[in-house]
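Enquirer: Before anything else, here's the structure in question.
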Amino acid sequence: MFSLASVFSHEPAPPPSIQSRSAIILDAETGAVLFTKNENEKIPPASLAKLMTMHIALSQVDTGNAALDEIVPLPQETWWGNQPPRSSLMFLADGQRVTLRELLLGLAISSGNDAAVAVSLRFASSVDAFVKLMNEEANRIGLENTVFTEPSGVSEHNMTTAAEFAVFCRYYLKAHPMSLIEYHSVGKFDYPKPKNMPEPVRSDMKTVTQYNHNYLLGRVEGVDGIKTGYIDESGYNIALTARRDDTRLIAVVLGAPAVKNGADIRDEDGRKLLEWAFSHFRTIRPDIGVLENVRVWKGRRKFAGLALGAPVEWTATADRGQSLHFEIQLNEPIIAPFYAGDVAGSLVFSDSIGELRTIPLVFTENVERAGFFKRLWDSICLFFKIRLKKVS
């Protein structure tokens with residue numbers, strides 16, 4: 001995760017004051033951190049934990065080990081009546097036929113604890129075995145302070161930080177970009193439908209309509225995800241993302257007060273952070289085209305390829321990046337030997353105000369030193385090339 005000071009041209013206007021215990025907002029493309037408040041404080045994620053449950057399921061779909069339209073078994077542990085008191089529910093029950101796609105909608109919209117159990121048992125022999133997968137994945141991503149004890153978030157023993165959960169959200173969105181359209185921005189979910197029920201009871205069934213708990217959807221420009229959560233021990237939590245023009249932001253707000261209007265406080269904190277960040281920052285995504293090969297002297301090859309040594313996208317204050325242009329500055333003459341990854345020069349970006357960013361250019365291949373006569377000839381050519389350049 002990048003620090004604020006390393007990427008911005010000047011200090012932006014002060015961020016808003018928020019009431020929640022912990023928060024962070026960052027650029028989803030570059031990882032540049034725009035605001036933090038107690039970002040390393042450990043707080044139970046509540047139903048934000050369901051995002052890791054969804055991540056594991058979607059990863060299995062991506063690898064071909066599962067299908068979104070497959071029918072998922074519903075053992076007794078998954079039934080809504082067997083969930084802990086005060087659980088949010090999808091209302092799974094005995095005899096229903098439910099697809100994995102519907103369970104993911106039940107996680108994203110209804111925030112069903114029963115859906116979390118059903119997904120867990122689809123991909124592991126037990127809930128505990130699935131939790132082990134969740135923690136292994138958290139460790140693989142590098143989340144040192146994030147721990148899961150069950151897959152729904154109902155337990156206060158699940159733990160994360162705003163900083164780490166923002167890292168996870170960034171990873172999640174890169175891994176599953178379509179999840180925003182297919183699950184997290186969907187406004188409501190109707191379940192069970194007649195097709196989900198056994199034939200004898202279809203005429204007597206009642207469909208329950210539940211609405212997305214992310215109340216900023218459709219109310220704040222660009223918001224299209226991701227998830228809310230609440231338990232008494234954490235207060236109100238939200239993982240937010242929004243896109244405006246070429247900039248996507250991720251905000252994580254944890255620990256809004258566990259009071260009657262706590263959800264309103266959480267949502268207002270998230271809204272203020274998004275509006276402030278979009279007003280003061282932007283992602284710059286320059287188009288540099290194709291990098292041409294460079295001339296090599298005294299090597300076994302006459303040309304070598306170039307590549308970017310760092311991402312070309314970066315975060316800047318909103319006033320920068322107009323009339324953007326770039327210049328390639330090579331460490332000439334380029335003389336062999338050198339190795340792939342060695343620095344060949346720089347790509348320097350500037351705007352009407354001045355220089356903005358420098359990205360190293362690196363060689364894409366090894367070029368060995370040439371034989372004696374080739375080196376001698378290139379030395380002669382270089383001598384006259386340099387002399388002619390000085391004269392001109």
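The values are calculated or read from the model by the stated rules, or taken from the named source; none is laboratory data. These figures come from a predicted structure and were not determined experimentally. So basically every Cβ, Gly included, is an ideal-geometry build from the backbone, and we count neighbours across all protein chains shown.
Enquirer: Quick one: count up the residues across the stretch 308-334 that are of a type in the set (Val, Ile, Thr) and free of Cβ contacts under 8 Å to residues at least 40 places away in the same chain.
Expert: Start the filter on the stretch 308-334 by keeping residues that are of a type in the set (Val, Ile, Thr), which leaves 312, 315, 317, 328, 334.
Going one step further and asking which of them are free of Cβ contacts under 8 Å to residues at least 40 places away in the same chain, we end up with 328.
Residues that pass the stated criteria total 1.
Enquirer: While we're on this one: Within the set of pairs 6+ apart or on separate chains, which have a first residue in the stretch 189-212 that is assigned by TED's automatic domain parsing to the domain that holds LEU104, a second that is assigned to a helix (DSSP H, G or I) and modelled with pLDDT of 95 or more, and C-beta atoms under 6 Å apart?
Expert: PHE189/LEU105; PHE189/ILE109; PHE189/SER110; GLN210/SER110; ASN212/ILE109
Enquirer: Can you tell me which of ASP267, ASP224, ASP245, ASP232 is buried (at least 17 other Cβ atoms within 10 Å of the Cβ), more than 17 Å from the chain's Cα centre (by Cα) and among the acidic types (Asp, Glu)?
Expert: On the way: ASP224 fails: more than 17 Å from the chain's Cα centre (by Cα); ASP245 fails: buried (at least 17 other Cβ atoms within 10 Å of the Cβ); ASP232 fails: buried (at least 17 other Cβ atoms within 10 Å of the Cβ).
The unique qualifying residue is ASP267.
Enquirer: Please tell me if SER323 is surrounded by 14 or more Cβ atoms within 10 Å (Cβ to Cβ), under 31 Å from the mean Cα position of the chain (by Cα) and polar (S, T, N, Q). Give the steps one after another, and end with the answer.
Expert: Working: surrounded by 14 or more Cβ atoms within 10 Å (Cβ to Cβ): no; under 31 Å from the mean Cα position of the chain (by Cα): yes; polar (S, T, N, Q): yes.
No.
Enquirer: Out of everything in the stretch 63-97 that is free of Cβ contacts under 8 Å to residues at least 40 places away in the same chain and acidic (Asp, Glu), what residue ends up being nearest to ARG122 (Cα to Cα)?
Expert: Within the stretch 63-97, the match that is nearest to ARG122 (Cα to Cα) is GLU70.
Enquirer: Hand me the list of strands (runs of 3 or more DSSP E) wholly inside the stretch 261-342 holding 1 or more residues that are polar (S, T, N, Q).
Expert: Hits in the stretch 261-342: 281-284, 314-317, 325-330.
Enquirer: Something else: Would you be able to say whether some residue in the stretch 39-58 is surrounded by fewer than 20 Cβ atoms within 10 Å (Cβ to Cβ), of a type in the set (Ser, Thr, Tyr), in the same structural domain as THR149 (by TED's automatic domain parsing) and on the phi < 0 side of the Ramachandran plot?
Expert: No, the stretch 39-58 contains no residue that is surrounded by fewer than 20 Cβ atoms within 10 Å (Cβ to Cβ), of a type in the set (Ser, Thr, Tyr), in the same structural domain as THR149 (by TED's automatic domain parsing) and on the phi < 0 side of the Ramachandran plot.
Enquirer: Consider the stretch 297-342. How many of its residues are over 21 Å from GLY371 (Cα atoms) and hydrophobic (A, V, I, L, M, F, W, C)?
Expert: 12
Enquirer: Restricting attention to the stretch 194-240, which residues are polar (S, T, N, Q) and more than 22 Å from PHE168 (Cα to Cα)?
Expert: ASN196, SER203, THR207, THR209, GLN210
Enquirer: Also: Taking the stretch 195-217, which residues are surrounded by 13 or more Cβ atoms within 10 Å (Cβ to Cβ), in contact with a Pro (Cβ under 7 Å, 6 or more places away or on another chain) and not in a helix (DSSP H, G or I)?
Expert: If the condition is that a residue be surrounded by 13 or more Cβ atoms within 10 Å (Cβ to Cβ), in contact with a Pro (Cβ under 7 Å, 6 or more places away or on another chain) and not in a helix (DSSP H, G or I), then MET205 is the only one that fits.
Enquirer: May I ask you to say which residue of ILE353, ILE284 is buried (at least 17 other Cβ atoms within 10 Å of the Cβ), touching a residue at least 12 places away in the same chain (Cβ under 8 Å) and either under 30 Å from ALA28 (Cβ atoms) or out of contact with any strand residue (DSSP E or B) (no Cβ under 6 Å at 6 or more places or on another chain) (or both)?
Expert: Among ILE353, ILE284, only ILE284 is buried (at least 17 other Cβ atoms within 10 Å of the Cβ), touching a residue at least 12 places away in the same chain (Cβ under 8 Å) and either under 30 Å from ALA28 (Cβ atoms) or out of contact with any strand residue (DSSP E or B) (no Cβ under 6 Å at 6 or more places or on another chain) (or both).
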